[in-house]
Each structure stands twice: as C-alpha cells, then as structure tokens.
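Report on the structure given below.
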Amino acid sequence: MVQMMIVESLGVKKHYDSLASSITYAVRLSEYGVPLNQDTKIGLDPHKDPNLVTVVCQSKIEGLEVQTFDGDWVSVKPSPNSVTVIVGQAFQVLKLSFVNNFLQAWSNMRVRAPNHRVRVLGKEKRFSALFASRPSPNSMVKSPEELGDEDHHLLFKPFNYTEFVKFLYSEEGRKTKDPFNAYFRIGNEEAA
Ligand SMILES: O=C(O)CCC(=O)C(=O)O
Ligand SMILES: [Fe+2]
C-alpha cells in the first residue's frame, strides 16, 4: 500500500504492477542490548537500507534516529498506533530515474533513502519489528524503458539486486565509502 502510494505520487502508477510482481517480503525481529560503547550508545551503525521499503515498529524503548539533510539526527518516538516507513536504496533508483525523466516538472527528488541508526540510551533491552520489501532474488531493478531517452539519461545502470547485496557485504563493498553510488551511478552527479 505504501509503495503504491509512493509510485502513484510520482505519477507513474501504471508501472506499479510490474514493480509489485518482482517484490518479496520478510519480517525481522531485532533485540538490542545495552551498547558496549557507552559514549556513543550506538546499537546499529548509521546506514541506508538497500531494499525497497522497510516498515519499523518500535517497542516502548526508543532508539531509531534518522539523519536530516542538514546532518542532524532526529529521534523517532515509538507510538503504539503508528509505524515508521523507511525508503531503501532500491526504491531510490526507481525514484531517481523517474525524477530525472520528469526533471522539468519536478525540481527536486521527492523521496530519498535516509541515513538512519539505532542508539540505546537507557539500560533496558530494546525490541523492534521490521517488515521489509525487496526485489526478488536475481530480479533486475531498472527504470521503465520509455522513461530513458537521449535527452533524459538515466542516473543508474539497471542492476541485479542479489549482486548488489553481495557487493555491499564484500570486503571491497565494506571499504567503499558509498557502495551504492560507486557501483551503479552512471554520471557524476551527487545522489546521496
Ligand atoms: O530497529 C530499528 O528501529 C531499525 C533497525 C534498522 O534500521 C535495520 O535493521 O536496518
Ligand atoms: Fe535500517
């Protein structure tokens, strides 16, 4: 539903079915103990999710923090009747390509994969539940072909999601500052 809303808001609803047909879903439950480093209180290092969309449900103990464009960290408070939706990088590719092709109409990127992290401030264990969508194994993530033409080049190469995740966790990927842009970026423009 959230994905459909995003695709619709980008004005490319007709591509939703083909996107939806190559998506898989997974649920993960996370437990965070008291962080070893009591200076930073970091439970999970800053990162962007590689997948399409992650829905996060925090237990009573807060900890999720999202970075703003200005670099500040904002805490997301747990709520019993709401969830947090995090856009991942695979979605960013679709979005960036769409935006690029409709650049004249849209002056800016509409959705971005945000940097986020977990900090556990107190002495209690923290729990969270995550529901994530991602491209099916070995499926290609690419922009609809009619959106790419000579005047409107695409920002990213089509890519195999499984290969991307392998690279992300490889020795080389871990050493690379921005593995996503290093691997798929076609031009030199910043796509942070
Ligand atoms: O536990 C959370 O609130 C978020 C965890 C997270 O960002 C992740 O596992 O990718
Ligand atoms: Fe995450």
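Computed quantities for the displayed model
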| quantity | calculated |
| --- | --- |
| Of all residues making up region 16-28, the number that are more than 16 Å from ligand 1 (Cβ to nearest atom) and either surrounded by 17 or more Cβ atoms within 10 Å (Cβ to Cβ) or modelled with pLDDT of 90 or more (or both) | 1 |
| Hey, VAL118 within 16 Å of ligand 2 (Cβ to nearest atom), outside any helix (DSSP H, G or I) and either in contact with a Phe, Trp or Tyr (Cβ under 6 Å, 6 or more places away or on another chain) or at pLDDT 70 or above (or both) or not | yes |
| Subset tally (residues that are closer than 22 Å to SER133 by Cα, part of a loop (DSSP other than H, G, I, E, B) and of a type in the set (Lys, Arg)) for region 13-51 | 1 |
| Contacts under 8 angstrom Cβ, first residue in region 30-47 being touching a residue at least 12 places away in the same chain (Cβ under 8 Å) and basic (Lys, Arg), partner within 16 Å of ligand 2 (Cβ to nearest atom) and part of a loop (DSSP other than H, G, I, E, B), 6 or more apart | LYS41/VAL120 |
| Residues being near ligand 1 (Cβ under 9 Å from one of its atoms) and either modelled with pLDDT of 90 or more or of a type in the set (A, V, I, L, M) (or both) - total across region 48-61 | 3 |
| Residue match in region 29-36 (condition: of a type in the set (Asp, Glu) and at pLDDT 75 or above) | yes |
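The values are calculated or read from the model by the stated rules, or taken from the named source; none is laboratory data. Being a predicted model, the structure only gives us computed values, none of them experimental. Note: ideal-geometry Cβ built from the backbone for every residue, glycine included; neighbour counts use all protein chains shown.
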